């Protein structure tokens, strides 16, 4: 990764795979808060499958990571994910709405511990995740 020393390594050029509106191949996720949770919805196309017509688990993990770290960015606090863990619970079909949510579990000094989940429209949890997000200065 080449760093632009004028803006630092965490400059947002709106080309993020998950939420960047300029990325033609991205998911263009939108977020909203409901109480202490952040929510988003995505439809994951067949191009992101692992097994036939099943979303690749790494893609679910990436989208969960995005939701968890945006708990902070969207409230004006800069943070980056330093570690996350995903547990795949059920097959997630491609081309269906997937509902993502995340919430803060605990904060200690400059580390936020978060959790999140991905559900299908029928309520089936397809993935759960936890993350450590570190506050950054830029």
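The values are calculated or read from the model by the stated rules, or taken from the named source; none is laboratory data. From a predicted model like this one, the values you see are computed outputs, not experimental measurements. Note that each Cβ is placed from the backbone with ideal geometry, even for glycine, and that neighbours are counted across all protein chains shown.
In the condition set (1) surrounded by 13 or more Cβ atoms within 10 Å (Cβ to Cβ); (2) modelled with pLDDT of 95 or more; (3) touching a helix residue (DSSP H, G or I) at 6+ places or on another chain (Cβ under 9 Å), residue 95 is compliant with all but (1). The set of residues in segment 9-28 that are touching a residue at least 40 places away in the same chain (Cβ under 8 Å) and surrounded by 15 or more Cβ atoms within 10 Å (Cβ to Cβ) comprises 16, 17, 18, 19. Checking each residue in segment 73-92 for being within 19 Å of residue 20 (Cβ to Cβ) and buried (at least 21 other Cβ atoms within 10 Å of the Cβ) picks out only 79.
Given the structure, is residue 94 under 21 Å from residue 25 (Cβ atoms) and under 13 Å from the mean Cα position of the chain (by Cα)? Spell out the reasoning first.
Working: under 21 Å from residue 25 (Cβ atoms): yes; under 13 Å from the mean Cα position of the chain (by Cα): no.
Criteria not met by residue 94.
Which residues, taken from segment 34-43, are out of contact with any helix residue (DSSP H, G or I) (no Cβ under 7 Å at 6 or more places or on another chain) and surrounded by 12 or more Cβ atoms within 10 Å (Cβ to Cβ)?
Within segment 34-43, 37, 39, 41 meet the criteria.
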